[in-house]
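Nothing in this text is a laboratory measurement; each read-out follows from the coordinates by a stated rule. The structure presented is a predicted model; accordingly, all values stated were derived computationally and were not measured. Don't worry about glycine lacking a Cβ; one is built from the backbone with ideal geometry, like all the others, and counts go over all protein chains shown.
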Amino acid sequence: MSRMIVVDPVKCTNCHMCELACSLVTTGAFTPGKSRIRVHAFPADFKHIPLTCFQCASAPCARVCPAGALLQGEGLVRFVKEACIGCRMCMLACPFGVIAFDEPTGVISKCDTCGGDPECVKFCAPKALEFRESGLAEAPKGRDFARRVADAAKA
Amino acid sequence: MSEKQFVLIGNSAASLAALEAIRRSDQAASITLVADEPMPAYSRVLLPYFVSGERADLTIRPTGYYQRMNAKTLLGRPAVRIEKNTVLLDDGSALAFDRLLIATGSRAAVPAVEGIDTPGVFALKSIADAERIRDSLSGARNAVILGGGLICLLVVRALHRLGLNVTLLISSNRVLSRMLDAESALRVQRQLTEAGVRIETRTDAARILAKDGRVRAVATTTGLELPADLIILAKGIRANTDLAGTGGLAVSRGVEVNGQLQTSRPDVYSAGDCTEAPDLLLPGKRTIGGTWFEAVWQGEAAGAAMAGAPQPSYGVLKMNVMETLGAAVASIGLTEIPDQDGRTIVRAHNESYRKLLVWRDRIVGAVLVGDVSEAGPIASLIRRGITLSEFARFDPSQPIRYPDLALPWRPLPKRNLEVQPAV
């Protein structure tokens, strides 16, 4: 079992602190547009849903990467920047849409859980983000998330 | 579990995915992987990057991979014939199988043009092709590319980086005519032209002109004579179906399979570029996926089915993404609506373009230029057959995001699960 960033959309207050924290750590500046976690707002429903890489146990992105730049690990899909050719196949393969393309560098960017100590979680005051053990495999991970979203919609 | 004999023909995306899928459910089986080429698996997607000198190492699996997968390899050993329950190799040896996977891939289509076999005319399908192109680059100034498909644009990018003058000869009226709609193709074309690439549409090569036994120029059907130090074939692919043919399997443009990648013979499967599988969006039609994506998904599905653990399959979904000299383009599913029951939703700005195709109650295709970040969720919803009425709230002007799809969570559609005869 490995730890992952678990999202509880019911608790999210749309403060976007996670995006600021992530971008500061990963780019050295407050650039929420480059954050690897994104809060998706659904204003008509008063819902805000933070979304980042699930680190799938059998990750579609790693399965299709034709350059060996995304490697399946235990609780982490590792990105090897030097191997990336910027073809974006992973972006088409990921159903969650959590892989971004970084124009200036010409390669993709995705969550690496800050090496096992994610900054976004530390800055999430309402505790909508938690970094904890999760034994869920890939599909159930998505299903579990979908259930949370459904609960959020009902709440 | 008895020890089954699996034989996989091929050593690229489909075959490796099948190998891994078999091992996920069967640790004991004997697996033998056979391939024409002598080297360990490499990525064909990286070939243009090898030509341009950006990548030297094309391997996509770590050293010791085959041993770790407990697979025997017979590399550099073309399989020539299927006879009963054995595959005959070029050295006359025979391999017995309980389950066979044909993942023989594709080759470049060669147009019937006078002088097409002149030295200096290249395909780009293998590392050997890429090496030949590299060897011919010294002193080369002009390159002509025959065809306007996906491979063509990756080659353009590579040759352009190397400083060559590049001309495209395209039979149809635009580049990527099978991947993009007219508007997005024109955008790509504009970028290429701005970067200095010459594009001749509705033009074919009439004759390859040689000098001292090497290509010198291309005479076109429109009466042009274009100087060429090298010519690259990018007129699409042809499935390698010879081996399947020897086994008496049903073959049309590719090896015919059902939704479980099973050929007309139940113990033989086929996956990847050589395969014509049921189309996800066009019921009753079979399609050659012809993409790296499809090869991986088909290989996984075939491997799982071969090992006796079939997954729900969804059929071939055409999708691809690429970056030309400029913006990224992605296309998923259909690029034009099939009939009057559909509508298109287009949003275009200077740099970006987005077209969604809605047919009846579902999204059946998308073309994206510039920002392709929606592509993953769109592909997922098309594959899962989610209808718009199932959306929490469908706003065609907004990007499609995963939470839109998460309500309700739906497994893959069941309808392709039934194993139907391949004919």
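With a Förster radius of 60 Å, plug the Cβ-Cβ distance of residue B:128 and residue A:46 into 1/(1 + (r/R0)^6) and report the FRET value to the nearest 0.05.
0.50
For a quick check: sort B:279, B:98, B:135 by the number of other beta carbons within 10 angstrom, fewest at the front.
B:135, B:98, B:279
Where both residues lie in the protein assembly as shown, what percent of DSSP beta bridges are antiparallel, nearest 5?
Given both bridge residues lie in the protein assembly as shown, the antiparallel proportion sits at roughly 65 percent.
Between residue B:70 and residue B:98, how many nm apart are label points set 7 Å from Cα along the C-beta direction?
In this crude spin-label approximation the distance works out to 1.3 nm.
May I ask what percent, to the nearest 5, of DSSP beta bridges between residues of the stretch B:131-248 are antiparallel?
So the antiparallel bridges in the stretch B:131-248 amount to around 45 percent.
If the label point is 7 Å along Cα→Cβ of residue A:14, which residues in the stretch A:41-62 have backbone nitrogen under 19 Å from it?
From the stretch A:41-62, the list is A:41-52.
Quick one: P(r) of the protein assembly as shown from all Cα-Cα pairs, 10 Å bins, percents rounded to integers, in order of increasing distance.
P(r) over the protein assembly as shown, rounded to whole percents: 3, 17, 26, 27, 18, 7, 1, 0.
For the stretch B:92-176, what is the charge dipole size about the Cα centre, in debye to the nearest 20, if Lys and Arg each add +1 at the Cβ and Asp and Glu each add -1 at the Cβ?
340
Considering amide H positions built from the backbone, and no H for Pro or chain starts, which residues 5 or more places from residue A:48, or on another chain, come under 5 Å of its amide H?
A:42
Exposure proxy check: B:349, B:160 ranked by fewest other beta carbons within 10 Å?
The fewest-first ordering by Cβ neighbours comes to B:349, B:160.
Work out, step by step, the length gained on full extension between residue A:74 and residue A:2: first 0.36 nm times the residue separation, then minus their alpha carbon distance; give nm to one decimal.
Going from the current span to full extension adds 25.2 nm.
Tell me, how many Å apart are the Cα centres for the stretch B:18-60 and for the stretch B:214-291?
That distance is 20 Å.
With a cut-off of 8 Å between alpha carbons and a minimum separation of six or more residues, what is the relative contact order of the stretch B:242-332 in percent?
Contact order relative to length: 22 percent.
Highest GNM mean-square fluctuation, chain B, Cα pairs closer than 10 Å: which of B:21, B:210, B:108?
Largest GNM mean-square fluctuation: B:210.
With each label point set 7 Å from Cα along the Cα-Cβ vector, what nm distance links residue B:343 and residue B:107?
Reported label-point gap for residue B:343 and residue B:107 is 4.9 nm.
Given charges of +1 on the Cβ of Lys and Arg and -1 on the Cβ of Asp and Glu, with all other atoms neutral, how large is the dipole of chain B about its Cα centre, in debye to the nearest 20?
It comes to approximately 360 debye.
Looking at the square roots a ≥ b ≥ c of the eigenvalues of the Cα gyration tensor of chain B, which shape do they give, rounded for a/c under 1.5, prolate if a/b is larger than b/c, or oblate?
Oblate.
Report the extension gain between residue B:81 and residue B:135 in nm, rounded to one decimal, defined as 0.36 nm multiplied by the number of residues separating them, less their alpha carbon distance.
16.0 nm
As a quick test, which of the pairs A:110/B:125; B:84/B:125; B:125/B:318; B:125/B:355; B:4/B:125; B:211/B:235 have an alpha carbon distance above 27 angstrom in this structure?
Beyond 27 Å between Cα atoms: A:110/B:125; B:84/B:125; B:125/B:355; B:4/B:125.
Of all trypsin sites (Lys or Arg not before Pro) in the stretch B:339-409, which ones are in loop regions per DSSP and have a Cβ with at most 14 other Cβ atoms within 10 Å?
Sparse-neighbourhood loop trypsin sites (Lys or Arg not before Pro): B:360, B:393.
Can you compute the charge dipole magnitude of the protein assembly as shown about its Cα centre, using +1 on each Lys and Arg Cβ and -1 on each Asp and Glu Cβ, nothing else charged? Give it in debye, rounded to the nearest 20.
Here the protein assembly as shown has a charge dipole of around 660 debye.
Over chain B, calculate the relative contact order: mean separation of alpha carbon pairs under 8 Å at least 6 apart, over the residue count, as a percent.
Relative contact order of chain B: 15 percent.
Could you identify which residue out of B:90, B:204, B:273 has the top mean-square fluctuation in a GNM of chain B using Cα springs shorter than 10 Å?
Ranking B:90, B:204, B:273 by mean-square fluctuation puts B:90 first.
Add -39500 (n - 2.57) for each DSSP H run of 4 or more in the protein assembly as shown, then divide by its residues: what number comes out at 222 nm, to the nearest 500 deg cm²/dmol?
That comes out to -6500 deg cm²/dmol.
Taking the Cβ of each residue in B:63, A:52, B:118 as the centre, tally the other Cβ atoms inside 10 Å and list the residues starting with the fewest.
B:63, B:118, A:52
Using Cα pairs closer than 8 Å and at least 6 residues apart in sequence, work out the relative contact order for the stretch B:20-138, in percent.
26 percent.
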